[in-house]
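Input: a single structure, listed below in structure tokens.
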Amino acid sequence: MSDVQSQDRDKQGVFEASYYHTTIKQWPVGERPREKLTKLGAASLSEAELLAILIRSGSKGATAVDLAKKLLSDHRTLRDLARMSVADLVHLGIGRVRAAGIVAAFELLRRLPASDDVDRPIMQAPEDVVRIFSPKLRDLRHEEFWALLLTTSNHLMRDIRITSGTLNSSLVHPRECFAEAIKEKAASIIFVHNHPSGNPEPSHEDLAITKQLKDAGTILGIPVYDHIIIGGAQFSSFAQRGLL
């Protein structure tokens, strides 16, 4: 085959690929993600189709579904996407506005369990804390330290983020940890933080911080009932392990 024929064939292939590209609006109504969701419900959509609705529109030569499939390529899962920042998604070829929408959606999902506190959940066991805070903390790539203020009957009064970043004794200081507990007359307090590594085992710094906070709570009359570390799908309770 001559070079001219080869070039003609390549041009024809490009032309055909371009010619057969269609936008979602050109798809049959029953295959369009938004219409499909409206008619059949969200459960009928694939992960790519649900992401496509968040992405909203495609880019040159690619539909929103194409962009969603790209995000889920290379063995990436929804959990992987939930850990990504706007910059991470932009690096994968998603526009900044679309990326911000995806990050916001995952953040709302993390906050959902914590918002379901109309009846003021009771913190009777470590699992009660993990049920609310694991979705909030397990996918973060940085450490966050939270204080849970409790009533005399162990109902959750309020949860407060004390610090965000690598934990150390200078950042997690009793002054900040107990300030709101004193103001709101909390009967007791539980601390919880995450390990982005996925390993919930307490570090030497965790042990030192917990001892300092326990001693402060004893002096203030606000006992520390537990300190829980969340690492991925696992957790470690200081109270259960006799470390308080």
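A few notes on this one:
- Selection status of Arg79, in the same structural domain as Lys25 (by TED's automatic domain parsing), in a helix (DSSP H, G or I) and closer than 25 Å to Ser236 by Cα: yes
- All positions within the range 205-244 that are buried (at least 16 other Cβ atoms within 10 Å of the Cβ) and β-branched (Val, Ile, Thr): Ile209, Thr210, Ile222, Val224, Ile228, Ile229, Ile230
- Leading residue by the ranking (surrounded by the fewest Cβ atoms within 10 Å (Cβ to Cβ)) among those in the range 51-67 that are aliphatic (A, V, I, L, M) and touching a helix residue (DSSP H, G or I) at 6+ places or on another chain (Cβ under 7 Å): Leu54
- Within the range 107-127, the only residue that satisfies the criterion of being at pLDDT 90 or above, of a type outside the set (A, V, I, L, M) and surrounded by fewer than 17 Cβ atoms within 10 Å (Cβ to Cβ) is Glu127.
- Scanning the range 212-234 for residues that are within 16 Å of the chain's Cα centre (by Cα) and of a type in the set (Gly, Ala, Ser) yields a count of 3.
- For the range 190-244, a tally of residues being in a strand (DSSP E or B), in contact with a strand residue (DSSP E or B) (Cβ under 8 Å, 6 or more places away or on another chain) and closer than 12 Å to Leu137 by Cα returns 8.
- Candidates in the range 176-189 are the residues that are part of a loop (DSSP other than H, G, I, E, B) and touching a strand residue (DSSP E or B) at 6+ places or on another chain (Cβ under 8 Å); of these, the one that is surrounded by the fewest Cβ atoms within 10 Å (Cβ to Cβ) is Glu184.
The values are calculated or read from the model by the stated rules, or taken from the named source; none is laboratory data. Source: prediction; values computed, not measured. A quick note on method: Cβ atoms are made from the backbone with ideal geometry, for glycine too, and the neighbour counts reach across all protein chains shown.
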